[in-house]
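Chemist: First the structure, which I've put down as C-alpha cells, then a few questions once you've had a look.
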Amino acid sequence: MTHVLCGSLFAKHFQYQFGQKRASRFKVDFGKLFEHKSYVDLPQVEIPFTLEEIKSVVFDLGHDKAPGPNGFPQFFCFFKHLWDTIKEDLWRLCDDFFFGKANLKRINWACIALIPKVDTLGAPGDYRPISMINSTLKIISKLIATPLDKVINGLVDVEQSVFLKGRYNLDNIASLEELIFSIHKWRMHGHILKVDFAKAFDMMDWDFLLDLLKARGFWERWGGWIWSILVSSKAIVLINGSPHGYVR
C-alpha cells in the first residue's frame with residue numbers, strides 16, 4: 001500500500017472518529033442535575049490576558065516537546081530564548097483571541113502521529129493517535145486552563161478520580177473493594193455494573209459541552225473561546241514523517 005493510499009485511509013478513519021458532529025439523542029436538564037451543587041467562584045474573564053500571565057505560561061511549559069506543524073524544534077525553548085523579541089507579537093495574538101478577533105484557522109493545526117498499540121497491526125484502530133498542535137495554540141489553551149486549577153476540584157465530582165492533580169485511580173478501586181467486602185460480610189444483595197466508554201470525549205456532542213459549561217456558570221465569552229478552538233481545528237496525518245490527508 002502506498003503512502004498516499006495509507007494516508008487517505010487513516011484520514012477517513014479519523015474524520016469519522018473526530019470530524020463528524022454528533023447529535024445528542026436526549027436532552028439533559030442541567031438545572032435539575034446541578035441544583036444541589038454548591039456555587040463555585042469561577043475566575044473572571046473580563047480582563048484581557050496580561051503579558052505577565054502569558055510569560056508565566058510560556059516559561060512553565062516544557063521545552064522538549066515534539067514540534068507541531070510550524071516545525072519549531074523544541075519550540076518552547078525557542079519562545080523562551082527569544083522572549084524579549086517576540087513577546088509583543090505573542091501578546092497581540094492572545095489579545096485578539098480574548099476579544100474573538102484572532103483567525104484561528106491559520107494556526108489551529110495539528111499533526112497526528114501514529115503509535116502502534118499492538119504487535120500485529122491490521123487496522124487504523126490498532127494505532128494510538130497523538131496530536132502535536134502548534135505552539136501558539138498550546139499557549140492559548142494553557143492560558144484558558146490555568147485559572148481553573150484553583151476551582152477544578154469544586155467543579156468535578158469527588159468520584160471522578162483520574163485526570164486531576166491530587167486524585168488517583170486507585171481511590172475508586174479501594175472504594176469498590178470496600179463495597180464488595182461489605183456486601184459479602186453482611187450478606188446483602190446487589191449488582192455491580194462496569195461501563196467502559198471507548199473514546200468518550202471523541203464522541204461528545206459539542207453543543208452538549210457548551211450547555212454544560214453554561215450550566216456550571218461559565219460566562220458566554222468562555223464558551224465562545226472553547227467553540228472557536230473546536231470549529232477551527234484541523235489536522236494532517238503523518239505516515240513515516242510525511243503529511244497525508246486532512247481531518248477537519
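Readers should treat all values here as calculations from the given coordinates under stated rules, not as data from a laboratory. Just so it is clear, the model here is predicted, and its values are computed rather than measured. Using ideal geometry, Cβ is built from the backbone for each residue, glycine included, and neighbour counts are taken over all protein chains shown.
Chemist: Using only the alpha-carbon atoms of segment 90-248 as identical scatterers, what base-10 log of I(q)/I(0) does the Debye formula give at q = 0.11, 0.17 Å⁻¹?
Modeler: Debye intensities relative to I(0), on a log10 scale: -0.68, -1.24.
Chemist: If you build a Gaussian network model of the chain, linking Cα atoms that sit under 10 Å apart, which residue out of Leu82, Leu42, Leu114 swings the most?
Modeler: Leu82
Chemist: Quick check on the chain: helices-only [θ] at 222 nm, where DSSP H runs of length 4 and up contribute -39,500 (n - 2.57) each and the sum goes over total residues. Nearest 500, please. Could you put the intermediate results ahead of the total?
Modeler: On the way: 10 runs with 104 residues, N = 248.
Taking each H run of at least 4 residues, the total per residue is -12500 deg cm²/dmol.
Chemist: While we're here: Students often forget the sequence filter, so: which aspartates and glutamates lie under 12 Å Cα-Cα from Lys27 once same-chain residues fewer than 8 apart are removed?
Modeler: In chain and number order, the partners are Asp205, Asp207, Asp211.
Chemist: Something else about it: Could you compute the FRET efficiency for Lys12 and Phe34, with r as their C-beta to C-beta distance and R0 at 30 Å, rounded to 0.05? Show your work: numbers first, answer last.
Modeler: Values: r = 39 Å, r/R0 = 1.29.
Once rounded, the FRET efficiency stands at 0.20.
Chemist: At a Cα cut-off below 13 Å, give the aspartates and glutamates reachable from Lys214, other chains included and same-chain residues fewer than 8 away excluded.
Modeler: Asp29
Chemist: Separate question: Sequence-distant or interchain residues sharing an amide H contact under 5 Å with Ala102, placed H: which?
Modeler: Long-range HN contacts for Ala102: Phe97.
Chemist: A further question on this structure: For segment 162-232, what is the convex hull (Cα atoms) projected area averaged across all directions, in square nanometres?
Modeler: Working: hull surface 29.9 nm².
Dividing the Cα hull surface by four gives the mean projection, 7.5 nm².
Chemist: Considering only lysines 8 or more places apart in sequence, or on different chains, count the pairs in segment 77-211 whose C-alpha atoms sit under 15 Å apart. Show your work: numbers first, answer last.
Modeler: Details: Lys80/Lys138; Lys105/Lys138; Lys117/Lys199; Lys142/Lys150; Lys150/Lys165.
Step by step, the pairs that qualify in segment 77-211 add up to 5.
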